[in-house]
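Have a look at the structure below, then the notes.
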Amino acid sequence: MTAEDRPLIDTTGAHPARRYNYLLGGKDHFQADRDSADDIEKVYPNVKTAAVENRRFMHYIVHRLATEAGVSQFIDIGVALPVAPNVHEIAQRIIPSARILYVDNDPLVMTHARALLTSTPEGVTAYAESDLCDPEQILDAARTLLDFARPIAVLLLAVLHFIPDDRHPERAVAALMDAMPSGSYLVLTHGTGDFMSTTQNAAFGAMPRNTHGNFAGRPRREIERFFKNLDMVSPGLIPTSDWPSAAPGRRPEECAAYAGIAVKS
Ligand SMILES: C[S@@+](CC[C@H](N)C(=O)[O-])C[C@H]1O[C@@H](n2cnc3c(N)ncnc32)[C@H](O)[C@@H]1O
């Protein structure tokens with residue numbers, strides 16, 4: 001089959017963004033995505049809770065950045081399929097003129113994003129199909145949209161754990177943050193096996209790579225390095241379950257992720 005003959009939407013295999021949409025209770029997924037999610041759930045029964053809590057943290061932190069810090073410019077890298085409220089809906093409810101650049105390396109995601117993530121008349125939403133590991137391409141798009149004299153929040157939510165060490169994601173994050181104006185923020189969430197049992201980590205690691213989209217959690221010390229040269233904002237890099245966004249009583253193993261925010265001085 002040539003590239004021209006290939007269907008635009010392949011429903012025969014699991015697709016990471018559609019599977020995440022299923023985990024969140026969205027409606028943009030096919031049987032292969034649900035089967036893949038169900039396989040993950042057998043090994044890690046909290047996977048749907050983890051996805052929902054990751055999203056709740058996004059809601060919380062974007063709201064807090066817009067209300068408390070007055071941030072009106074966001075670069076959301078690894079946007080996935082839209083599930084309301086998305087970043088611009090939260091930010092523009094507080095600051096109608098907020099400008100948001102959505103980035104993903106997946107063409108399917110970008111097609112959905114362009115169709116559904118529409119701005120207020122006062123603000124702007126724009127889209128760049130780009131890989132996080134190509135920071136210059138992202139910065140080129142950002143420079144046409146955002147005002148680099150004012151703070152920008154770079155959101156890397158549940159995306160870095162899809163990028164293996166040999167692609168040097170820390171270099172991409174550093175290049176992005178180096179280009180940001182003073183007062184800008186880096187927000188990230190990152191999957192981890194720190195709160196899973198040895199047996200669970202081994203079972204997860206033994207799954208076929210395409211079942212979980214090449215997900216590779218990192219221990220806390222390896223996630224900390226993404227904040228190099230930035231000042232952590234209290235309470236620091238902590239389990240997603242410990243942020244005020246989490247449902248009361250959530251335990252770290254139910255979210256299997258860390259979340260943190262830092263500011264550039
Ligand atoms: C689990 S979703 C995260 C969605 C959203 N950020 C959230 O936290 O709700 C991960 C997204 O990252 C995208 N992604 C994975 N690797 C990427 C890369 N190297 N560059 C840009 N996007 C990437 C995937 O296509 C997918 O849409």
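A short reminder: the numbers here are calculations on the coordinates, not readings from a lab. Predicted, not measured: the structure shown is a model, and the values here were computed from it. Glycine also receives a Cβ, built like all others from the backbone with ideal geometry; neighbour counts cover every protein chain displayed.
On inspection, V83 fails the criterion of being of a type in the set (A, V, I, L, M), in a loop (DSSP other than H, G, I, E, B) and closer than 28 Å to S234 by Cβ. Only one of these conditions is not met by D28: (1) in contact with a Leu (Cβ under 7 Å, 6 or more places away or on another chain); (2) assigned to a helix (DSSP H, G or I). Which number is it? Answer for D28: the failing condition is (2). Say whether the condition of being within 16 Å of the ligand (Cβ to nearest atom), of a type outside the set (D, E) and out of contact with any strand residue (DSSP E or B) (no Cβ under 6 Å at 6 or more places or on another chain) is met by at least one residue in the stretch 140-157. No, that holds for no residue. Filtered by the rule that a residue be near the ligand (Cβ under 10 Å from one of its atoms) and either hydroxyl-bearing (S, T, Y) or part of a loop (DSSP other than H, G, I, E, B) (or both), the stretch 116-139 gives S130, D131, L132, C133, D134.
Report, by residue number, each residue of the stretch 171-180 that is out of contact with any Phe, Trp or Tyr (no Cβ under 6 Å at 6 or more places or on another chain) and either crowded, with 21+ Cβ neighbours inside 10 Å or under 14 Å from F227 (Cα atoms) (or both).
Just the residues of the stretch 171-180 that are out of contact with any Phe, Trp or Tyr (no Cβ under 6 Å at 6 or more places or on another chain), to begin with: 171-172, 174-180.
Result: R171, A172, A174, A175, L176, M177, D178, M180.
For the stretch 86-107, a residue qualifies if it is of a type in the set (S, T, N, Q) and either within 12 Å of the ligand (Cβ to nearest atom) or outside any helix (DSSP H, G or I) (or both), and the qualifying residues are N86, S97, N105.
In the set (1) touching a helix residue (DSSP H, G or I) at 6+ places or on another chain (Cβ under 8 Å); (2) outside any loop (DSSP other than H, G, I, E, B); (3) within 15 Å of the ligand (Cβ to nearest atom), the condition left unmet by M110 is number (1).
The residues of the stretch 48-77 that are among the charged types (D, E, K, R), crowded, with 24+ Cβ neighbours inside 10 Å and in a helix (DSSP H, G or I) amount to a single one, E53.
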